[in-house]
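Student: One structure coming up, written as structure tokens, with questions to follow.
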Amino acid sequence: MIALDTSALLASLLRERGRQRVREVLGESCMSTVNFSEVLASFGRAGRDVPLIAKTLLAMPVELVEFTTDQATIAAELAQITRAAGLSLGDRACLVLARERRIPAMTADRVWSRLQLGIEIQTVR
């Protein structure tokens, strides 16, 4: 199992470099609903029909994990630690999910590799 970050799933959906690595793990991946929302927002900003995109993405073999208040608390704590790296709430939600489940996190954002959080980071490019 692997926790997907927004950037990783977008790399796959938008056929960007690294998409193959993401596609290889889709069937054994999970994603926070915060990251799911970020993916949908990205399509919405591009003028796409968000409800239609949501319906399409919900058919993917990715387990969506509700963002809990406990996860929100830990993500808030990580904000201080990761501020210099510029991590967003979605980034931290992915990291919290990975930490909680003791699984790697997959991202397209290389700066994550420099974080010392005790979480295995896999970059797609």
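Taken together, the values in this text are just the output of simple stated rules run on the coordinates, not laboratory data. Computed from a predicted structure; not experimentally measured. Positions of Cβ are backbone-derived with ideal geometry, glycine not excepted, and every protein chain shown enters the neighbour counts.
Student: Could we say that residue 98 is out of contact with any Lys or Arg (no Cβ under 7 Å at 6 or more places or on another chain), part of a helix (DSSP H, G or I) and closer than 22 Å to residue 23 by Cβ here?
Tutor: In short, yes.
Student: Are any residues in segment 80-114 within 16 Å of residue 64 (Cα to Cα), among the acidic types (Asp, Glu) and buried (at least 18 other Cβ atoms within 10 Å of the Cβ), and if so, which ones?
Tutor: 91
Student: Would you point out the residue of segment 12-62, among those that are assigned to a helix (DSSP H, G or I) and of a type in the set (D, E, K, R), that is surrounded by the most Cβ atoms within 10 Å (Cβ to Cβ)?
Tutor: Out of the qualifying residues, it is 38.
Student: On to the next question. If I filter segment 55-76 for residues that are touching a helix residue (DSSP H, G or I) at 6+ places or on another chain (Cβ under 7 Å), touching a residue at least 60 places away in the same chain (Cβ under 8 Å), of a type outside the set (A, V, I, L, M, F, W, C) and within 22 Å of residue 18 (Cβ to Cβ), do I get at least one hit?
Tutor: No, there is no match, as no residue in segment 55-76 is touching a helix residue (DSSP H, G or I) at 6+ places or on another chain (Cβ under 7 Å), touching a residue at least 60 places away in the same chain (Cβ under 8 Å), of a type outside the set (A, V, I, L, M, F, W, C) and within 22 Å of residue 18 (Cβ to Cβ).
Student: Every residue in segment 63-76 that is farther than 17 Å from residue 6 by Cα, surrounded by fewer than 12 Cβ atoms within 10 Å (Cβ to Cβ) and either touching a strand residue (DSSP E or B) at 6+ places or on another chain (Cβ under 8 Å) or not hydroxyl-bearing (Ser, Thr, Tyr) (or both), please.
Tutor: Result: 70, single match.
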